[in-house]
Structure formats: C-alpha cells, structure tokens
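Only the coordinates and a few stated rules stand behind these numbers; no lab work does. Please read these numbers as outputs of a predicted model, since none were measured by experiment. All Cβ positions, even for glycine, are placed from backbone atoms using ideal geometry, and neighbour counts span all protein chains on display.
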Amino acid sequence: MGRKALSIDKLAMELVFADDASVKKELSKKILNLAYKKGIFPSSIHELYMAFGKGEVSGFTVPAINLRSMSYDLARAIFRTAIKNNSGAFIFEIAKSEMGYTAQPPAEFTGVVLSAAIKEGWQGPVFIQADHTQVNLKKFKEDLDKELKALQDLIADAVAGGFYNIDIDSSTLVDLSKKEIKKQQKDNYEVCARLTQFIRRIEPKGVTVSVGGEIGEVGHTNSTPEDLRAFMEGYKERLRKGLVGISKISIQTGTSHGGVVKADGSIAEVKLDFNTLKTISGIAKQEFGLGGAVQHGASTLPEDMFHKFPENDTLEVHLATGFQNIMFDSKHFPSDLKNKIYEWLKTNASLERKDGETDEQFFYKTRKKALGPFKKDIMSLTQDIRDKIAFEIEEKFDFLFKQLDAVNNRSVVDKYVTLKRVIVRSRKDTKEVEHDGEGAD
C-alpha cells in the first residue's frame, strides 16, 4: 500500500524531516486531502471578525499562537485545549522571519497543523495565519518593486499552502519625522492597500482571506487614534473600489517581541497601555467596521494581565516567545542538547552580542535562531520527552484560553465561518508586481 498506509504521526514526521521543497508540498497536499475527508478545513476568520465589527459578536479575545518548534506536538496540545474548552476561535501562525530561522515553510507549517487536527479528532475550521508579512525598510528604499515582489511571492506561497489569514506589516515604513500624521502613514497605507489588492486577486474562489494592517511598529512609539484615522483614510482612498479591505488593525501599546530580558535572565516589567488598546479597538469597530485592534508581543507578559485583553475589547492577541521559553527551560529538555545549542550560538550568532551583555541576555535573545538548524535534533527527541514538554506548554495554553475568555465559542464560530474545500492549483499570475496606480514613495 506504500505511503497510503503511513499513520498520521509518520506522515507529519516525514514532512518535518523532508529536505526537498517539492516533497514537502506533495506531503502537505496529501495531508490536506486527508483533512478534508475528516471534515477539517483551512479557513479564513474574516467573517467572524466582520461580525465583531458589526457588534454581533463580543466578549472574547482570539489567541494567535506562533509555533516555532515542536510544532506538531504543540499543535496537538492546542487542539486538545480547544476541544476541552469548546473553543472555536484560535489561530496558528508563523511570521515571515520565523519561517526562515525555524526552517518551516508554509507547506510544512500547514501540513503539520492539519496533521495535529487529524490526530486529535478535530473537525471544522482551522485558522492558519502568516504573521508579520513585513516590509524591510532598507530594501524598500533601495528598490520598492523588488521588495514588494518578494512579499507577493511569499504571500502567494502562503495562500497556496492554506494560509487564509495574512497580516501585512508595513508599519516599518511609518515616518515619524514628518509633521502631518497622514504623511507619516503614507507609505504604510499605500503598501498595505497594494498588497491587499494582490491578495484579493489570488485568493481562492469562495474564500475571503482575512487581511490585517498595522499602524505602529512593535517596540516603538505607542499608537494613537489619530494614527488609525490617518491610516484608514489613506488606505480607503488607495484601495480599489469594490474590494474587501482589512478586517483588523495591529497597534503598539508598550510591548516588545520576546520581552526585554534583564542581566539576570528575568523579564523586565512592561507598562502596557490598555486604555489605548480599548480606545483604538472601539474606533476601529465603530468608525471603520473592523473587528478591532490586535495586540502583539504578549506571551511574556505577567499572567495577571491576560484577563484584561477581553475586558478592554482586544480582538486578537499574538503569543510566541513564552512557549519557546517553556520548551528551552523545561526540566525535560535534555541539558546536553541545550548546551550544544548554546555553543552553536556562541559561534553563529556572535555578531548579535552587544557590549556588556550577559550570557543570559545573549542566549535568551538569540536562541530562537537555533531552532531551524536544530529542528531535526529537537524532533528526534523521544516521544516521551516531547510529550512531557508539550504537557507543560498545554497547561499554559489552557490558562490563556480561559483568561482570554476564548472558551465556549465554538457555536459562534460555526455560525459565521464558511467551510470551503479549495482545489490547489499553481498560479502564473503571481509572478509580477502589481502596478495599479501611483506607487508608494
């Protein structure tokens, strides 16, 4: 019977260990077809977010979880958590940068997540998201068409791989040196509009990809209502009439990705501006019909903060580094492998070390860069070890789902989210940069 007889565990592992991109895509396609037969559908969360914007849905925050390592084991843990809590609205995501340093291209990520859904007996929508599809400011200034072409290629690959939720991050282009707020946001909203138009052109028939915009770069100046209004005004002017726009907006409220680590290795206290979060989320819904505001860089926040997200009308919260930390710091993670990773970092990430930085700060900041080179080592750990680590992280998943009130919402999700079986075909029309008017400058 050949490969058809492989268990879903073996298919997932074969996908993870495959080195050839074409092999990964074939395996992912096989897993997708199995998922469809089981009633599992990669889906867009757009319709649910529009219901938030209309005031038809409220009361919970959607967790968007970045899986950087042990993705099959942790995706299984997330599905178990969702089933236990009758949850329907939760997102699996991976950022553009993470795809690189964790060695997880879109086809692999989707295949692994769907394998986990099959393994745990999940049925219904699965939301997979390209987080921080980010514009590189330096490359943009050097050759904007080349940079946008690279982003379009990535988006096309992601959508073809079942990512029906795309977060565009052109907030890197915000120019605070300009006096007028709309001029500060100009490159941001123009690029976001152009990429939105590209997504609408390539999205599968019957699927409205959920697109997110971003008005404030994480770790920088906090966002304001004026920033949102200026961005949305320009975005709507720039977006071709008749096209569906973004469904949410990411803002900056005081967090940073991964948190700020102190010399002893502990995380510095964060002053998160919940008033700004609530205000901008309200404006996003009431004035522009969006689902609301999105909070990035939240996984390392103190546990007593998370219940405040639904209380302050936060639509979606992004969670990543905290789970990576639990894995690395688990008593079950082999010390010899951890030491091997840290020795590798001393050589291969040495240029990232700042003067006066302690070992704790250096390893904390850079160890994510070892996840790709050591992916096979980590996934070659015994199932017992991986299960024990995954259980520790599953407890965190359960805590967060409850704190975000992301429980008992399965019926709401089923009401609004359309399940659509997509036939995957190659798309020749994604090879050129979209030129549809005045370019960003």
Find the lysine pairs in the stretch 72-212 meeting two conditions, Cα atoms under 20 Å apart and a separation of 8 or more places or different chains, and report how many there are.
-> 21
In whole Hz, with x marking every Gly and Pro, tabulate ³J(HN,Hα) for the stretch 196-203 from phi via Karplus 6.51 cos²θ - 1.76 cosθ + 1.60, θ = phi - 60°.
-> 4, 4, 5, 4, 4, 6, 9, 5
Extension gain L137-Y101, at 0.36 nm per residue separation less the Cα-Cα distance, in nm?
-> 11.0 nm
By a straight-distance test (C-alpha under 17 Å), which aspartates and glutamates pair with K365 as possible cross-link partners, with residues fewer than eight away in the same chain excluded?
-> E98, D264, E269, D329, E343, E352, D355, E357
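Where both partners of a DSSP beta bridge lie in the chain, what percent of those bridges are antiparallel, to the nearest 5? Could you put the intermediate results ahead of the total?
Working: 1 of 33 bridges.
Taking every DSSP beta bridge with both residues in the chain, the antiparallel ones total about 5 percent.
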Starting from 0 in steps of 5 Å, tell me what percent of the Cα-Cα pairs of the stretch 1-142 lands in each bin.
-> 2, 9, 18, 21, 19, 13, 9, 5, 3, 1, 0
Between L6 and S350, what length in nm is gained on full extension when 0.36 nm per residue of separation is reduced by their alpha carbon distance?
-> 119.6 nm
Vicinal HN-Hα couplings computed from phi for the stretch 160-165 (Karplus, 6.51 cos²θ - 1.76 cosθ + 1.60; Hz; Gly/Pro x) | 4, x, x, 7, 9, 9
Using a simple spin-label model with points 7 Å from Cα along the Cα→Cβ vector, what separation in nm is obtained for D336 and H307?
-> 4.5
